[in-house]
Amino acid sequence: VVGFDRSPGMIGYARARQERLGLAGTFFEAEMTDFAARVRPRCGFAFNPINSVRHLMSDGAMLAHLEQMARALRRGGVYAVGLSTCAYGMESESEDVWTARRGGTRVRQVVQYLPPGASRRERVISHVEVETGRGSRSIDSVYELRSYSREEWRALVERSAMRVLGVVDEEGREMEEPAFGYAVYVLGAAG
């Protein structure tokens, strides 16, 4: 297993879990646009779920990311990237609520999504409540994600070092590429 994140806290968490479970792996801090040189050996499978790539705020950054991924994959390797495409002007505000419990800890997250406009940026408002035996706390954040219509996404991938090999749902079942909404794109290196 090879993993990277820009957050030192996330890398620390991954390393602690790796050690606790007795697993082999390498974890390092990196940006999505500059990591391939540190991925050794090259990977046969890589994944980036739930719109994480949409934190790259320009087409240039996404192209750099896909170039890095093509370099990090071994021959025949695939990259599964979860991405929600949009239908500009046809979407309304939406909200997701997630809850989880483990032992005496309960977490609830409410996320609101404000549709993108001409800037191709979707505004995300997150409110997290964490309850433990020692008390509770809230964590609020607001951020933006880069938006892509299906056509914008396909055109960008065609300009990149990657190609779409297939489209699957969150359970890995093949599906027709949606006009908009969430899908997992299975990409492979071009050529």
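A few points about this structure:
- Per residue, region 86-191 exposes 64 Å² of accessible surface when a 1.4 Å probe is rolled over the protein heavy atoms with every protein chain present.
- Cβ-derived FRET efficiency at R0 41 Å, THR132 paired with GLU176, nearest 0.05: 0.40
- Choice from ARG42, ARG17, ARG71 showing the highest fluctuation, given a GNM over the chain with Cα pairs closer than 10 Å: ARG17
- Each residue, ALA118 and ALA37, gets one label point 7 Å from its Cα in the Cβ direction; the gap between the two is 4.1 nm.
- Expressed as a fraction of 2.2 N^0.38 Å, the C-alpha radius of gyration for the chain is 1.11.
- Between ILE11, ILE50, ILE139, the GNM of the chain built on Cα springs shorter than 10 angstrom shows ILE139 fluctuating the most.
- Helices in the chain, meaning DSSP H runs of at least 4 residues, each add -39500 (n - 2.57). Divided by all residues, the mean residue ellipticity at 222 nm is -6500 deg cm²/dmol.
- Farthest towards the positive end of the charge dipole of the chain, among the residues LEU21, TYR113, VAL186, is the Cα of LEU21, using unit charges on the Cβ of Lys, Arg, Asp and Glu.
- Accessible area per residue in Å² at 1.4 Å probe, computed on region 1-60: 65
- The alpha carbon centroids of region 1-49 and region 135-191 are separated by 21 Å.
- Here the dipole of region 15-104 is about 820 debye; that uses its Cα centre as origin and unit charges on the Cβ of Lys and Arg (positive) and Asp and Glu (negative).
- Accessible surface of region 99-191, 1.4 Å probe, proportion on carbon and sulfur as whole %: 46
- Point-charge dipole on Cβ atoms (K/R +1, D/E -1) for region 1-50, about Cα centre, debye to 20: 180
- Put a plus charge on the Cβ of each Lys and Arg, a minus charge on the Cβ of each Asp and Glu, and nothing anywhere else: the dipole of region 1-158 about its Cα centre is then about 820 debye.
- For the chain, with +1 on Lys and Arg beta carbons and -1 on Asp and Glu, the positive-most of SER52, THR99, SER7 along the dipole: SER7
- Label point distance in nm, ARG101-SER58, each placed 7 Å from Cα along Cα→Cβ: 4.8
The values are calculated or read from the model by the stated rules, or taken from the named source; none is laboratory data. Please read all numbers here as calculations on a predicted model, not as lab measurements. All Cβ positions, glycine included, derive from the backbone under ideal geometry; neighbour counts span all protein chains shown. Please note that ligands, DNA and RNA were not included when accessible areas were found on the heavy atoms of the full protein model with its side chains. Shrake-Rupley method; radii C 1.70, N 1.55, O 1.52, S 1.80 Å.
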